[in-house]
Amino acid sequence: MKINLSLIGLFMLTIATNIIGPVNLKVMSGLNIHSNLKIFVILVLIHIVIVSTRMVTWFKILKRVNLSIAYPVISLTFPVMLLVSHIFFDEEVTTTKTLGVVLIISGLLFNSHNNA
């Protein structure tokens, strides 16, 4: 099986934008818009770039991979987001959330085995 590094890079970029986008919105939600208007506008512009990048990478991925294969890979966003939210926002990592991550990764492994 040949590993396509450019495709892996596109998937990683899509997962990254799936994480950075909501993190950016979380930061924006904590701002007082009236006293931080410049920062807020900058974050809005950054968010537009993030969403645009995600759209372009999805187009490129879907030209090369079936949706039934591509979409489950994006579910890796959830385990990574759990770590990011814990590290940056001190959100709790519970047993239930950890079990959910295990189920997501198990589902990916089953899906990749069936599509191999």
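Derivation of every value follows stated rules applied to the coordinates shown; laboratory data play no part. As the structure is a prediction and not an experimental result, all values here were calculated from the model. Here the Cβ is made from the backbone with ideal geometry for all residues, glycine too, and neighbour counts use every protein chain on show.
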Practice item. Per DSSP H run of n ≥ 4, the term is -39500 (n - 2.57); total these for the chain, divide by its residue number, and report the mean residue ellipticity at 222 nm rounded to 500 deg cm²/dmol. Key: -28000 deg cm²/dmol
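About its Cα centre, what dipole magnitude does the chain give when the only charges are +1 on Lys and Arg Cβ and -1 on Asp and Glu Cβ, stated in debye to the nearest 20?
Here the size comes out at about 500 debye.
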Review point. Which of the helices in the chain, when you take each full DSSP H run, stretch at least 24 Å along the axis at their Cα atoms and have an average Kyte-Doolittle score of -1.0 or higher?
Key: 5-29, 37-64, 95-115
